[in-house]
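The values are calculated or read from the model by the stated rules, or taken from the named source; none is laboratory data. Quick caveat: nothing in here was measured; it's all calculated off a predicted structure. Please note: Cβ atoms are built from the backbone with ideal geometry, for glycine as well, and neighbour counts cover all protein chains shown.
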Amino acid sequence: MKRGDSVAKVNFTAQRIADHSCPEGKVQAFLWDQKASGLGLRVTRNSARAYIFQGKIHGQTVRVTIGDPKDWAIEKARGEARRLQTLIDGGVDPRDHADRQRAAHDARRAEVERQTITFAQVWDAYLEDRKPKWSDRHYQDHMQHASAGGEPRKRGKGLTVAGPLARLRPLKLSDLTGATIASVIEAEAAERPTMTALSFRLYRGFVRWANDTPAYRGIIPDDTYQTRKVRDAVPKVEAKAGDALQREQLASWFGAVRSIANPVISSYLQALLLTGARREEMAALQWDDVDFRWNSLVIRDKVEGVRTIPLTPYLASLLLNLKRINETPPPTSIKSGALPEGKPSPWVFWSKTSADGKLAEPRLAHNQALDAAGLPHVSLHGLRRSFGTLAEWVECPVGVVAQIQGHKPSAIAEKHYRRRPLDLLRVWHMKIEAWMLEQAGIEFVVDRKVDLNAVTA
């Protein structure tokens, strides 16, 4: 309704404000003030009451709601009307001015929230964003390194220990200065240098992601990981001296490992050495990942997601034996590794005692086998290292070994121009396996009369 349709202007008083009402049959009615230009009182047929301001700018009528008379004293409403009229006199639309003020307020509030957001909040957002692009193992590494700890262990008894990055969880992103990161690294490196070095690499990836994400860009200080103080604090992790099998030790190692009573553990340890796979990758192998027809294994890779490698003849014979045991219902003459109720396991290396049904802790059996053979300690990761080292004896190309093991290409040619088919990998992988068996004194001959390709999973 335009001002011309309203009643004459009056001097606003509390009584006049209280008495003003909307006549029956009308949608709304206005009362205009004499003292403040543009100030009016609007009452609707539903008895909703509000002070308003009405003016003109560039020939257009502008109406702005000021507020309820219960909340606005008359003089306060007049002051607001005069302020709005001043904006119009200056050529500013009060509505645009309010929008800009609101946007500025929202921006200030958002910046306050940005500056107070914690590492834990953004780390969780980082993991959620990157999870579809990572392998499960890579995701679990990130979870573990920033975990607050105190949860029941999945393997063994007791509670989990907080990860090296857990110290950062309560800190604001804006507090992640180089000095802070260096002090955390120094404190953690004193107890667990290798894990701390990996935590730093994970943290560095997180910072780069945050700086590429508009919601968090510019919050983390520039010196968070690039200063000399931080670089000097990061532990220099080197491979464990001697944590690999030598050529002359293969006979003793294979003899001891093949004597382990549990065929699952025995086969698993040999598989680690013969493929150079990571311990978690091999433990996660399922029967659906094994193709006896085309002699291949699909490995759940923590770097690329999945990779396909050859299934070499001797390893295939070990897995076929496990498959036979797995599918043999009780009662069975095979005591170790037999499953209850005759229900086959989906895991190649299964366990009757682990929570998820797959092999969880083979280190004790391996250490006992090393002691029985009189060999120095070799970790399960050392078996992976042994594969890469021993492959040099057959002059296998470095790129082939890296592709089988799931290492990232380290040279431009490897990264951009080498795409070796499975058959080419198989040629070299079979040479590596045959050489290891020869050094171990194991007589294994592929029976050409038995077509392994005819065996289906």
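For the reader, a short list of remarks on this structure follows.
- One residue alone among ARG258, ARG247 is of a type in the set (Lys, Arg) and farther than 27 Å from LEU285 by Cα, and that residue is ARG247.
Residue-by-condition table, conditions (1) surrounded by 14 or more Cβ atoms within 10 Å (Cβ to Cβ); (2) in contact with a His (Cβ under 9 Å, 6 or more places away or on another chain):
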position	(1), (2)
VAL62	yes, no
ALA77	yes, no
GLY91	no, yes
PRO94	yes, no
ALA107	no, no
TYR126	yes, yes
ARG130	yes, yes
ARG137	yes, no
PRO164	yes, yes
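- Elements of the type helices (runs of 4 or more DSSP H) sitting completely within the range 248-292 and holding at least 3 residues that are buried (at least 18 other Cβ atoms within 10 Å of the Cβ), among the β-branched types (Val, Ile, Thr) and on the phi < 0 side of the Ramachandran plot: these cover 263-275.
- Scanning the range 169-195 for residues that are under 24 Å from PRO152 (Cβ atoms) and assigned to a helix (DSSP H, G or I) gives GLU188, MET195.
- Cross-chain or 6+ apart pairs with Cβ under 9 Å, the range 305-330 first and on the phi > 0 side of the Ramachandran plot, then among the basic types (Lys, Arg): GLY305/LYS133
- The range 50-60, subset free of Cβ contacts under 8 Å to residues at least 24 places away in the same chain and surrounded by 11 or more Cβ atoms within 10 Å (Cβ to Cβ), residue nearest to TRP32 (Cα to Cα): ILE52
- Residue within the range 418-431 that is touching a Leu at 6+ places or on another chain (Cβ under 7 Å) and modelled with pLDDT under 95 present: no
- Members of the range 207-243 found to be small (Gly, Ala, Ser), under 31 Å from the mean Cα position of the chain (by Cα) and under 30 Å from LEU359 (Cα atoms), listed by number: ALA239
- Checked against (1) surrounded by 11 or more Cβ atoms within 10 Å (Cβ to Cβ); (2) out of contact with any Cys (no Cβ under 7 Å at 6 or more places or on another chain); (3) among the polar types (S, T, N, Q), ASN46 passes all but condition (1).
- Neighbours by Cβ (under 8 Å, 6+ apart or cross-chain): first from the range 66-89, not assigned by TED's automatic domain parsing to the domain that holds SER21; second at pLDDT 95 or above: none
- Taking the criterion of being free of Cβ contacts under 8 Å to residues at least 24 places away in the same chain and either within 16 Å of PRO214 (Cα to Cα) or among the basic types (Lys, Arg) (or both), the residues of the range 129-146 that qualify are LYS131, LYS133.
- Of the residues making up the range 196-236, those that are among the polar types (S, T, N, Q) and either outside any helix (DSSP H, G or I) or at pLDDT below 90 (or both) are THR213, THR224, GLN226, THR227.
One line per residue, one yes/no per condition, for (1) closer than 30 Å to ASN211 by Cα; (2) touching an Asp or Glu at 6+ places or on another chain (Cβ under 9 Å); (3) of a type outside the set (Gly, Ala, Ser):
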| residue | (1), (2), (3) |
| --- | --- |
| ALA36 | no, yes, no |
| ARG49 | no, yes, yes |
| ARG82 | no, no, yes |
| GLY91 | no, no, no |
| ARG95 | no, no, yes |
| ALA98 | no, no, no |
| ALA107 | yes, no, no |
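- Among the residues of the range 293-315, those that are farther than 28 Å from GLN439 by Cβ and in a strand (DSSP E or B) comprise VAL298, ARG300, ASP301, GLY305, VAL306.
- Residue selected from the range 330-387 under the condition part of a loop (DSSP other than H, G, I, E, B) and hydroxyl-bearing (Ser, Thr, Tyr), by the criterion modelled with the lowest pLDDT: SER333
- When ARG247 is tested against (1) of a type in the set (D, E, K, R); (2) in contact (Cβ under 8 Å) with a residue 60 or more places away in the chain; (3) over 20 Å from LYS431 (Cα atoms), just one condition goes unmet, and that condition is (3).
- Hits in the range 261-280 - residues which are closer than 13 Å to LEU322 by Cβ and among the β-branched types (Val, Ile, Thr): VAL264, ILE265
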